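To start, the structure under review is shown below, and the notes come after it.
The values are calculated or read from the model by the stated rules, or taken from the named source; none is laboratory data. As the structure is a computational prediction, the values presented were derived from the model and not from experiment. Methodologically, a virtual Cβ is constructed for each residue, glycine included, from the backbone with ideal geometry; neighbour enumeration extends over all protein chains shown.
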């Protein structure tokens, strides 16, 4: 991976992780109810789930490209179209002020498992990474070192953003307001759409 790939992937994943979502609400709820430490362990679970998907996707894509030949190109187009659709949907999404439900927190392990299951339960994650990662990584030449770099990027970007939410919620019980959510949606929608277009035209 080049530095351009690394910085591009880090920036894209950071913005995507900032989008108000079920995982953001869960991290905030855990922190507001049980303190930052529970938000931290929920974030660990979310990142662990993302890493599982990324490893499966990277090495799975490499296997598919080696064995399926030109048909893999079609899969890339499908992934690109999906990203464009997702980007437009996020861009046009309406925002509203949501009330966080304060979950019962009994242990740090339950917080970790909550984050993990939220991520693994997202059936769109595999298709998302299928379309997203090839825009930054040459999956036909993926190496163990490249995989470690992507995992590190995931920890820093996804984990970093979620921890910010956890810290804010734990300290001030701050809820994202409507204006901020709209700005984040527009920025993230534009970036995802551009990645999808890049996937199709490259």
*Is at least one residue of region 113-121 crowded, with 16+ Cβ neighbours inside 10 Å, modelled with pLDDT under 80 and outside any helix (DSSP H, G or I)?*
no
_Within region 35-46, does at least one residue satisfy the condition of being in a helix (DSSP H, G or I), in contact with a helix residue (DSSP H, G or I) (Cβ under 9 Å, 6 or more places away or on another chain), under 19 Å from residue 130 (Cα atoms) and at pLDDT 80 or above?_
yes
*Any idea which of 14, 57 is farther than 13 Å from residue 112 by Cα, modelled with pLDDT of 85 or more and in contact with a helix residue (DSSP H, G or I) (Cβ under 8 Å, 6 or more places away or on another chain)?*
14
*Could you list, in sequence order, the residues of region 125-179 that are farther than 29 Å from residue 78 by Cβ and modelled with pLDDT under 85?*
169, 170, 171, 172, 173, 174, 175, 176, 177, 178, 179
